[in-house]
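Asks: Pasting in a structure now, in structure tokens, and then I'll have a few things to ask.
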2 protein chains.
Amino acid sequence: MDDLFQAHAALLEKAVAASRERGFWAAFPENPKAYPEGAASAGKAAFAALKGQPFDLGGEGEGARVGAEVSPFGPALGITYAARSVDALVANAERAGVAWAQASVEQRVGVALEILARLNAESFLIAEAVEHTTGQAGPMAFQAGGPHAQDRGLEAVAYAYAEMARVPGAVRWEKPMGRSSIRLDKDFHVVPRGIGLVIGCATFPTWNSYPALFADLVTGNAVIVKPHPAAILPLALTVKIGRAVLAGQGFDPDVLQLAPDTVEAPLAKDLATHPAIGLVDFTGSSAFGGWLRETLRDKLVFTEEAGVNTIVIASTGAFAAMCANIAFSLSLYSGQMCTAPQTIFVPAAGIATDEGHKSFDEVASGIGAAIDTLLSDPARAAAVLGAIQNPATLTRIAEARGLGRIVRDSAALQVEGARTATPLLLAVEAQDEAAWLEERFGPIAFVVAVRDARDGIARATRAARQKGAITAALYSTDEAEIATAIPAYAKAGVALSVNLTGGIYVNQSAAFSDYHVSGANPAGNACMTDAAFVASRFRVVCVRRPAAA
Amino acid sequence: MDDLFQAHAALLEKAVAASRERGFWAAFPENPKAYPEGAASAGKAAFAALKGQPFDLGGEGEGARVGAEVSPFGPALGITYAARSVDALVANAERAGVAWAQASVEQRVGVALEILARLNAESFLIAEAVEHTTGQAGPMAFQAGGPHAQDRGLEAVAYAYAEMARVPGAVRWEKPMGRSSIRLDKDFHVVPRGIGLVIGCATFPTWNSYPALFADLVTGNAVIVKPHPAAILPLALTVKIGRAVLAGQGFDPDVLQLAPDTVEAPLAKDLATHPAIGLVDFTGSSAFGGWLRETLRDKLVFTEEAGVNTIVIASTGAFAAMCANIAFSLSLYSGQMCTAPQTIFVPAAGIATDEGHKSFDEVASGIGAAIDTLLSDPARAAAVLGAIQNPATLTRIAEARGLGRIVRDSAALQVEGARTATPLLLAVEAQDEAAWLEERFGPIAFVVAVRDARDGIARATRAARQKGAITAALYSTDEAEIATAIPAYAKAGVALSVNLTGGIYVNQSAAFSDYHVSGANPAGNACMTDAAFVASRFRVVCVRRPAAA
């Protein structure tokens, strides 16, 4: 067994420090040029070789296979995965989990860090897999699906390691009793909660799964990864790499298993309710997230669900830059991000700007025009928008057209075979809550006329409390207004970005710095980047005995 | 506003360090002689003055009052408390909680530490209150109800402070982008989960409530304390002291409220299910704990419930000392401890000891005789046993007599007016699970004949997994047997004490060292002394904006 912990100790130390300082830090470079020459083309070739083939996770045998992934850019992937029954998955995890639970914290952390390093080396292949399942454009699929996801996995390892490192291995407890003392030797054992189930989503299969996957692993829990049927490959590649590292270190590879399923015969409910499953992490709809929260008893359940992310425009000293910034946020990956804004509150009487007074309509059309400008170049449009992951999103766009006055209509890009749609921007009144107060996943946004900025902030924070929100933005030139707004957003449990312009967007969440999902409103019951996300994934059992004299 | 944080900073630092090192440490002296001369008699006098009077929490007005506490040592206390409706309690907490949530971490921690210091100064009064509600004998009521409980409160403050201190207040995030960079200023806000509800128990009203009470407070949650109707006074005194400190620092005292109720009109369910309650901590029966876990959604629920604590006697090199140690564990506070052993497994063929082979019957009668010896002196018997908190326990003892062969019968002490009972010790067979595999709270214990030590360990660990257990003990002279047993106990999530003799007992759980309740079996869903106990009681919300150039 290699000393993987020692091999990666310097990286871990930096990650632990970064997660405390929360300034900018990244372990895995997001710039493709930082990777070896030829890595990109090798990734493309490896992806091409996987297409149309049974995926080999190792030791599958001849059983049934599932898999019907179709790229949002056109072609079916034609890849199948060995099907596994719930009982077989659980039995394998229980068998493999025994030695994994008894491995040292350092052994498990070493394995996790080695998996992350190997995932990083395969970032271009994983990027292809993410691109052709989620519809993310290539550059985003590389960054979000590769290094950014790996950073998030590393962040979870750092948190979990920090928590476990606080548990001493062995101590001498000596209580003075007058002239003598009572002396006990104590050993503390970190024990897992049970098998971890990680249920992936179709839009960010790696980025949203890695925190839970790695947090479960290092805290001693065997893990079953249940990918979304539309985005199996990115997690199949992840699990394959993980199993190889585990096996190489003498562990049963079934510590980490893939549970592929189909829309017709889903496994998630049967897995989640199995008594041997102790932890469930889910990213996806409020309907299923709510079912998990209502149904599961005495299990740890971490969810990231839906919400209504808002922007309040009270005033701005940079109207054009604000419109450009919002336009990018609405367009990036066609609004298919849990962090994308949807509902933009603007005072009905208009706002003060560096370009003079702007009416409500001028603000709305300013954002619409900024979207047009951003997407005017077809290549840039394709690189920003990517494709639409789920055909249902196109239906949602069509239905949304009737919800308000169309400021900017949605349209398909001219990209052969790809399912695409530019943002639909609608103007509505504050009382049209049926329109703007429901999450409408995809490139659908509302500009909502409100009485004034205060009314907008009240509605934005109430929406967060009632419907959930992961992000919120506020534009204001009035520092007193900003100062008053901050406690309201804090109480609503939503991360707030103020006056963003330039190359940073409300929908970007930085590993090691931002607290992604607060866990304090219905958009999710947990923050995915804090101690609470990891501290309950293990328990500590003490063994004590009188010390030898 | 005083700088209470600075005033108590040295103590906090030591507490944080102790909770990491987990060797012996105590902040508040357990020896009554360490307190000022006259403190004990002043405590007695203060208690006497409270009896037969309406308890003054401050500002109660003329409304309805409740309270029917009767000392297990005889007299009714005759103290009444102002009744409060659920709606009034919640409205008060919501109003008072606004400023409390916005106070700094240091302000809140300073208030908590000052409350603990003042509680310590009132330890003798609180000891009287604990003695005459729980039935604990005086010395134990002082230690467990006073300094030990305060240490546990301090421990929770230390954990919570350590977790919150990891959240930086404000940082500059600067991401290099080629020749320029993106710079954001970020502020991180610790926000509470909602109102905390702490439901106390009748046997350890302070020791079992302080961890949650102080963890909730310092993480910014207003707290409603709902004491057991039989043990209101210790928590009323606590809340009164807390409110005085809060008011003295300019906070609304309703940050900390008392919710006294009666057996006939209980408040716990209505409080727990109120939407404004975000956290519920409960110590008590599995029936109500299970109801809370089944019923409450999207709330944090921490429970300490029931269990079957076991001892396995495989062999011993100190038979007499072992019997004496077990006898004390069975007798202390008449077995009314969540950590008291109940079920003792002994091989049917007997065991090897330093006194030669001992048959099953000899082991059982050895323990019985040790109880007799321990309790032979009436004064010592009274000081060890205390009184029986709940009359139902006497009924339980009477019914238990029919469950097996009586090795040692229970009897009352000759203490005028007090409700007392010495331990009942029964011998049963392994298959009599209806007898030994149910928690029988109070001085009831079983010696169970098992095939061999391995069978005993298997039954002990299975009992912990199925029924829950907070403690387990093992006596063995075979190091290989001990080494094999440890992973089984760890998997069962139960703290294990090996070969205890002398002045340390399986039912003693040391603050800052032992992990009280593992949270890994049905005896409780949470450990009460780790980061997981505090880390979810608050959330972090980030506010970010472009940094000034």
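The values are calculated or read from the model by the stated rules, or taken from the named source; none is laboratory data. Everything numeric here is computed off the predicted structure, so don't read it as measured data. Note: ideal-geometry Cβ built from the backbone for every residue, glycine included; neighbour counts use all protein chains shown. The area values use the complete protein model at the heavy-atom level, side chains included, leaving out ligands, DNA and RNA. Shrake-Rupley method; radii C 1.70, N 1.55, O 1.52, S 1.80 Å.
Asks: Just to be sure I understand, how many residues within the range A:28-57 are of a type in the set (Lys, Arg) and under 25 Å from A:Leu154 (Cα atoms)? Reasoning before the result, please.
Replies: Of the range A:28-57, the ones of a type in the set (Lys, Arg) are A:33, A:44, A:51.
Right, trim to under 25 Å from A:Leu154 (Cα atoms) and you get A:33.
The qualifying residues number 1.
Asks: Looking for whichever is of a type in the set (S, T, N, Q) and more than 28 Å from A:Phe142 (Cβ to Cβ) here; the options are A:Gln431, A:Gln414, A:Gln389. Which one fits?
Replies: Values: A:Gln414 fails: more than 28 Å from A:Phe142 (Cβ to Cβ); A:Gln389 fails: more than 28 Å from A:Phe142 (Cβ to Cβ).
Of A:Gln431, A:Gln414, A:Gln389, the one residue that is of a type in the set (S, T, N, Q) and more than 28 Å from A:Phe142 (Cβ to Cβ) is A:Gln431.
Asks: For a quick check of your reading of the model, give me the residue pairs whose first member lies in the range A:14-36 and is closer than 20 Å to B:Ile182 by Cα and away from chain B (no Cβ under 11 Å), whose second is open to solvent by 40 Å² or more (accessible area, probe 1.4 Å) and of a type outside the set (A, V, I, L, M, F, W, C), with beta-carbon atoms closer than 9 Å and at least 6 apart or on different chains.
Replies: Matching pairs, first to second residue: A:Ala27/A:Lys14; A:Phe28/A:His148; A:Pro32/A:Pro139; A:Pro32/A:Gln143.
Asks: Hey, can you tell me all the residues within the range A:495-522 that are at the interface with chain B (Cβ under 9 Å from one of its Cβ atoms), among the aliphatic types (A, V, I, L, M) and in contact with a Leu (Cβ under 8 Å, 6 or more places away or on another chain)?
Replies: A:Leu496, A:Val498, A:Ile504
Asks: From the set of residues in the range B:92-110 that are assigned to a helix (DSSP H, G or I) and more than 28 Å from the chain's Cα centre (by Cα), which is farthest from B:His274 (Cα to Cα)?
Replies: First, pick out the residues of the range B:92-110 that are assigned to a helix (DSSP H, G or I): B:92-102, B:105-110.
From what's left, more than 28 Å from the chain's Cα centre (by Cα): B:95, B:98-99, B:102.
Working: B:Arg95: 16, B:Val98: 18, B:Ala99: 21, B:Gln102: 23 Å.
Out of the qualifying residues, it is B:Gln102.
Asks: Mind checking which residues of the range A:498-536 are of a type in the set (Ser, Thr, Tyr), open to solvent by 10 Å² or more (accessible area, probe 1.4 Å) and either touching a residue at least 60 places away in the same chain (Cβ under 8 Å) or in the same structural domain as A:Lys299 (by TED's automatic domain parsing) (or both)?
Replies: Within the range A:498-536, A:Thr501, A:Tyr505, A:Ser509, A:Ser536 qualify.
Asks: Of the residues A:Thr477, A:Thr484, which single one is more than 10 Å from chain B (Cβ to nearest Cβ), in contact with a strand residue (DSSP E or B) (Cβ under 8 Å, 6 or more places away or on another chain) and of a type outside the set (A, V, I, L, M)?
Replies: Just one listed residue meets the conditions, A:Thr477.
Asks: Any chance the range B:225-241 includes a residue that's more than 18 Å from B:Ile79 (Cβ to Cβ) and either open to solvent by 10 Å² or more (accessible area, probe 1.4 Å) or at pLDDT 95 or above (or both)?
Replies: No, the range B:225-241 has no match at all.
Asks: Something else about it: In the range B:351-369, what count of residues is obtained for those that are under 19 Å from B:Gln336 (Cα atoms) and aliphatic (A, V, I, L, M)? Spell out how you get there, then give the answer.
Replies: Taking the range B:351-369 as the starting set, the residues that turn out to be under 19 Å from B:Gln336 (Cα atoms) are B:367-368.
Of the ones still in play, those that are also aliphatic (A, V, I, L, M) are B:367.
Final tally of qualifying residues: 1.
Asks: Do we have B:Gly67 as surrounded by 20 or more Cβ atoms within 10 Å (Cβ to Cβ) and at positive phi here? Working first, answer last.
Replies: On the way: surrounded by 20 or more Cβ atoms within 10 Å (Cβ to Cβ): yes; at positive phi: yes.
Judged against the criteria, B:Gly67 is a match.
Asks: Moving on to the next point. Quick one: what pairs do we get from the range B:452-470, first residue among the hydroxyl-bearing types (Ser, Thr, Tyr), second open to solvent by less than 20 Å² (accessible area, probe 1.4 Å), C-beta under 9 Å, 6+ apart or different chains?
Replies: So the pair list comes out as B:Thr461/B:Thr310; B:Thr461/B:Ala469; B:Thr461/B:Ala472; B:Thr461/B:Ala485; B:Thr461/B:Tyr489; B:Thr461/B:Ala492; B:Thr461/B:Val494.
Asks: List the number of the failed condition for B:Val171; all other conditions in (1) assigned to a helix (DSSP H, G or I); (2) farther than 25 Å from B:Ala215 by Cβ hold.
Replies: Checking B:Val171 against (1) assigned to a helix (DSSP H, G or I); (2) farther than 25 Å from B:Ala215 by Cβ, the one that fails is (1).
Asks: Quick check: is even one residue across the range A:265-280 among the acidic types (Asp, Glu), open to solvent by less than 20 Å² (accessible area, probe 1.4 Å) and at negative phi? Steps first, please.
Replies: Here is the first cut: in the range A:265-280, the residues among the acidic types (Asp, Glu) are A:270.
Pick out the ones that are also open to solvent by less than 20 Å² (accessible area, probe 1.4 Å) and you get none.
Taking every residue of the range A:265-280 in turn, none turns out to be among the acidic types (Asp, Glu), open to solvent by less than 20 Å² (accessible area, probe 1.4 Å) and at negative phi.
Asks: To continue, here is another question. Could you say which residue among A:Ala472, A:Ala492, A:Ala463, A:Ala458 is open to solvent by less than 60 Å² (accessible area, probe 1.4 Å), within 12 Å of chain B (Cβ to nearest Cβ) and farther than 24 Å from A:Ile371 by Cα? I'd like the intermediate steps shown before the answer.
Replies: On the way: A:Ala472 fails: farther than 24 Å from A:Ile371 by Cα; A:Ala463 fails: within 12 Å of chain B (Cβ to nearest Cβ); A:Ala458 fails: within 12 Å of chain B (Cβ to nearest Cβ).
Going through A:Ala472, A:Ala492, A:Ala463, A:Ala458 in turn, just one is open to solvent by less than 60 Å² (accessible area, probe 1.4 Å), within 12 Å of chain B (Cβ to nearest Cβ) and farther than 24 Å from A:Ile371 by Cα: A:Ala492.
Asks: Next up: List the helices (runs of 4 or more DSSP H) inside the range A:1-50, counting only whole elements, that have at least 2 residues being farther than 23 Å from A:Val111 by Cβ and open to solvent by less than 70 Å² (accessible area, probe 1.4 Å).
Replies: Numbers: elements: A:4-7, A:9-21, A:39-50.
Once the helices (runs of 4 or more DSSP H) in the range A:1-50 are filtered for at least 2 residues that are farther than 23 Å from A:Val111 by Cβ and open to solvent by less than 70 Å² (accessible area, probe 1.4 Å), what remains is A:39-50.
Asks: Do you know which residues across the range B:126-165 are in a loop (DSSP other than H, G, I, E, B) and surrounded by fewer than 24 Cβ atoms within 10 Å (Cβ to Cβ)? Can you show your working first?
Replies: The initial filter retains those residues of the range B:126-165 that are in a loop (DSSP other than H, G, I, E, B), namely B:135-137, B:146.
Correct list: B:Ala137 only.
Asks: Sticking with this structure for a sec: Restricting to the range B:393-436, count the residues that are among the aliphatic types (A, V, I, L, M), surrounded by 18 or more Cβ atoms within 10 Å (Cβ to Cβ) and within 25 Å of the chain's Cα centre (by Cα).
Replies: Residues in the range B:393-436 being among the aliphatic types (A, V, I, L, M), surrounded by 18 or more Cβ atoms within 10 Å (Cβ to Cβ) and within 25 Å of the chain's Cα centre (by Cα): 4 in total.
Asks: Within the range B:106-125, does at least one residue satisfy the condition of being open to solvent by 10 Å² or more (accessible area, probe 1.4 Å), over 18 Å from B:Ala26 (Cβ atoms), polar (S, T, N, Q) and without any contact (Cβ under 8 Å) to a residue 40 or more places away in the chain?
Replies: no
Asks: Continuing with this model, one more query. With the requirement that a residue be open to solvent by 10 Å² or more (accessible area, probe 1.4 Å) and in a loop (DSSP other than H, G, I, E, B), what does the range A:77-91 give you? I'd like the intermediate steps shown before the answer.
Replies: First, pick out the residues of the range A:77-91 that are open to solvent by 10 Å² or more (accessible area, probe 1.4 Å): A:78, A:80, A:82-88, A:91.
Of everything in the range A:77-91, those that are open to solvent by 10 Å² or more (accessible area, probe 1.4 Å) and in a loop (DSSP other than H, G, I, E, B) turn out to be A:Gly78, A:Ala83, A:Arg84, A:Ser85.
Asks: Further question: Looking at the range A:528-537, which of its residues are more than 7 Å from every other protein chain (Cβ to nearest Cβ) and in contact with an Asp or Glu (Cβ under 8 Å, 6 or more places away or on another chain)?
Replies: Initially, the range A:528-537 is screened for residues more than 7 Å from every other protein chain (Cβ to nearest Cβ), giving A:528-529, A:533-534, A:537.
A:Met528, A:Thr529, A:Val534, A:Arg537 - these are the residues of the range A:528-537 that are more than 7 Å from every other protein chain (Cβ to nearest Cβ) and in contact with an Asp or Glu (Cβ under 8 Å, 6 or more places away or on another chain).
Asks: Looking only at the range B:285-304, decide whether some residue is at pLDDT below 95, open to solvent by 10 Å² or more (accessible area, probe 1.4 Å) and either farther than 23 Å from B:Asn521 by Cβ or not assigned by TED's automatic domain parsing to the domain that holds B:Gln150 (or both).
Replies: yes
Asks: With respect to the numbered conditions (1) in contact with a Lys or Arg (Cβ under 9 Å, 6 or more places away or on another chain); (2) facing chain A (nearest Cβ under 7 Å); (3) within 24 Å of A:Tyr161 (Cβ to Cβ), which one is the sole condition not fulfilled by B:Asn525?
Replies: (3)
Asks: Find all pairs meeting these conditions: Cβ atoms under 9 angstrom apart; at least six residues apart or on different chains; first residue within the range B:176-199 and within 9 Å of chain A (Cβ to nearest Cβ) and under 21 Å from A:Arg22 (Cα atoms); second residue assigned to a strand (DSSP E or B) and polar (S, T, N, Q).
Replies: B:Leu184/A:Ser497
Asks: All but one of (1) touching a Cys at 6+ places or on another chain (Cβ under 8 Å); (2) not assigned by TED's automatic domain parsing to the domain that holds B:Phe538 hold for B:Phe360; which doesn't?
Replies: With (1) touching a Cys at 6+ places or on another chain (Cβ under 8 Å); (2) not assigned by TED's automatic domain parsing to the domain that holds B:Phe538 applied to B:Phe360, the lone miss is (1).
Asks: Would you mind listing the helices (runs of 4 or more DSSP H) fully within the range A:195-282 where at least 2 residues are among the aromatic types (Phe, Trp, Tyr) and within 28 Å of A:Ala510 (Cα to Cα)? Break it down into steps so the answer makes sense when it comes.
Replies: Working: elements: A:210-218, A:233-248, A:268-273.
Once the helices (runs of 4 or more DSSP H) in the range A:195-282 are filtered for at least 2 residues that are among the aromatic types (Phe, Trp, Tyr) and within 28 Å of A:Ala510 (Cα to Cα), what remains is A:210-218.
Asks: Find the residue count for the range A:52-63, including only residues that are part of a loop (DSSP other than H, G, I, E, B) and either open to solvent by 70 Å² or more (accessible area, probe 1.4 Å) or β-branched (Val, Ile, Thr) (or both). It would help to see each step written out before you state the result.
Replies: Kept after step one, since they are part of a loop (DSSP other than H, G, I, E, B), are these residues of the range A:52-63: A:52-53, A:55-63.
This time we only want the ones that are either open to solvent by 70 Å² or more (accessible area, probe 1.4 Å) or β-branched (Val, Ile, Thr) (or both), so: A:53, A:56, A:59, A:62.
Matching residues across the range A:52-63 total 4.
Asks: To continue, here is another question. Report yes if some residue within the range A:204-213 is open to solvent by less than 10 Å² (accessible area, probe 1.4 Å), closer than 30 Å to A:Pro75 by Cβ and among the small types (Gly, Ala, Ser); otherwise report no.
Replies: Yes, the conditions are met somewhere in the range A:204-213.
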